[in-house]
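Q: Sharing a structure, written as C-alpha cells. Questions coming.
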C-alpha cells in the first residue's frame, strides 16, 4: 500500500487551520476598536431616531388623512424641523383645508400628527425650516461639515419609500465617495436646463456624493457621524440630481447630501 504523506497530513492541517481561525476570531473580538465602534453606532442611532419626523400634509376628510412627502429632523430648540425645500408643498388645497404637518412616532405604534408651518428656506441649497406645534423634540447637533473627508463612513436615517414600508425610521450606512461641485458646466448649451443655469450663476458649492442608496422618501434625512450622532449633511435626491445630472438621459443611482454648513447658516440667519 502506497503511503501518501499529503493524505496523512490533512487532519493535522485541518486542525491547524481551525486553531488559526479560532485565534483570529478571538483577537478580532477582543480588539478594543471593533466592539466600541459598533456600540457607538448603536447609541448614535438610538439617539437620532426620536428626532426624525415624516413631513407631509394633513386633510381630515382624505384617505389617508396624512400624505407623506419626505423626511425631516429636529434642530435648534427642538420645535424646528429641517428638511429639503422640495419636500414642502408650494401650494396647499385650502378648499379642503389641507395643512402642512409632520408625523411623529410617539411610542411603539402610536403616531402623532402635528401641525407645521414653514418659517425659513434657502432655495439655492434646497433647505427649509418648519415650526411644529406641540412639545419640542430632542434636537440633533449640527457638526462641522468642512471636516468631512472622502472615504469616511456615515449613517442616514429616514423613511425610504414611506407610503410602502410605513413610517418606521430606517438607517443606512454610506461612504463619502466624492466631494464634488453641485453642478458641472455642460459640454453643450443644449444640455443645460434652467436650474443648471441658475445654479451656475449663483455659484457652485460642494456636495457629498454617497455610495449608499437613498430612496424616494429619504430626502431630508440627516447624514450623521456614526459615533457622535452629529449631523454633517442632509440627504437630497431631486434637487441635486436635477442640477448635476441634467445632461444625462438616464440619471444614475448615485445619492447626494447637502453639507450641514448650509443648514447652519440658515439656522443662524433665523435667530
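Q: Would you point out the residue of the range 229-258, among those that are surrounded by fewer than 24 Cβ atoms within 10 Å (Cβ to Cβ) and at pLDDT 95 or above, that is farthest from residue 142 (Cα to Cα)?
A: 229
Q: So, one more: Does at least one position in the range 13-25 carry a residue that is within 29 Å of the chain's Cα centre (by Cα) and modelled with pLDDT under 95?
A: Within the range 13-25 (the criterion being within 29 Å of the chain's Cα centre (by Cα) and modelled with pLDDT under 95), the answer is no, since none of the residues qualifies.
Q: Can you tell me how many residues in the range 109-118 are outside any strand (DSSP E or B) and crowded, with 20+ Cβ neighbours inside 10 Å?
A: Number of matching residues: 0.
One line per residue, one yes/no per condition, for (1) closer than 28 Å to residue 125 by Cα; (2) in contact (Cβ under 8 Å) with a residue 12 or more places away in the chain:
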{"site": "39", "(1), (2)": "no, no"}
{"site": "61", "(1), (2)": "no, yes"}
{"site": "66", "(1), (2)": "yes, yes"}
{"site": "85", "(1), (2)": "yes, yes"}
{"site": "91", "(1), (2)": "yes, no"}
{"site": "110", "(1), (2)": "no, no"}
{"site": "113", "(1), (2)": "yes, yes"}
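Q: Hey, another quick one. Test residue 164 against the stated conditions and say whether it is more than 16 Å from residue 259 (Cα to Cα), buried (at least 17 other Cβ atoms within 10 Å of the Cβ) and out of contact with any helix residue (DSSP H, G or I) (no Cβ under 6 Å at 6 or more places or on another chain).
A: no
Q: Can you pull out the strands (runs of 3 or more DSSP E) entirely within the range 119-184 that have at least 2 residues that are under 30 Å from residue 39 (Cα atoms) and either in contact with a strand residue (DSSP E or B) (Cβ under 9 Å, 6 or more places away or on another chain) or not assigned by TED's automatic domain parsing to the domain that holds residue 109 (or both)?
A: Passing ranges, in order: 153-158, 170-181.
Q: How many of the residues in the range 93-108 are surrounded by fewer than 13 Cβ atoms within 10 Å (Cβ to Cβ) and touching a residue at least 40 places away in the same chain (Cβ under 8 Å)?
A: Qualifying residue count, the range 93-108: 0.
Q: Another question, if that's okay. I'm trying to understand the selection: among the residues of the range 44-64, which are assigned to a helix (DSSP H, G or I) and exposed (fewer than 14 other Cβ atoms within 10 Å of the Cβ)?
A: 46 - this is the single residue of the range 44-64 that is assigned to a helix (DSSP H, G or I) and exposed (fewer than 14 other Cβ atoms within 10 Å of the Cβ).
Q: Turning to a different aspect of this structure: Whether any residue in the range 188-206 is farther than 12 Å from residue 125 by Cα, modelled with pLDDT of 85 or more and in the same structural domain as residue 156 (by TED's automatic domain parsing) is what I want to check.
A: There is no residue in the range 188-206 that is farther than 12 Å from residue 125 by Cα, modelled with pLDDT of 85 or more and in the same structural domain as residue 156 (by TED's automatic domain parsing).
The values are calculated or read from the model by the stated rules, or taken from the named source; none is laboratory data. The model shown is predicted, which means the values in this text are computed figures rather than measured ones. Cβ sites come from the backbone with ideal geometry, for glycine too, and all protein chains shown count toward neighbours.
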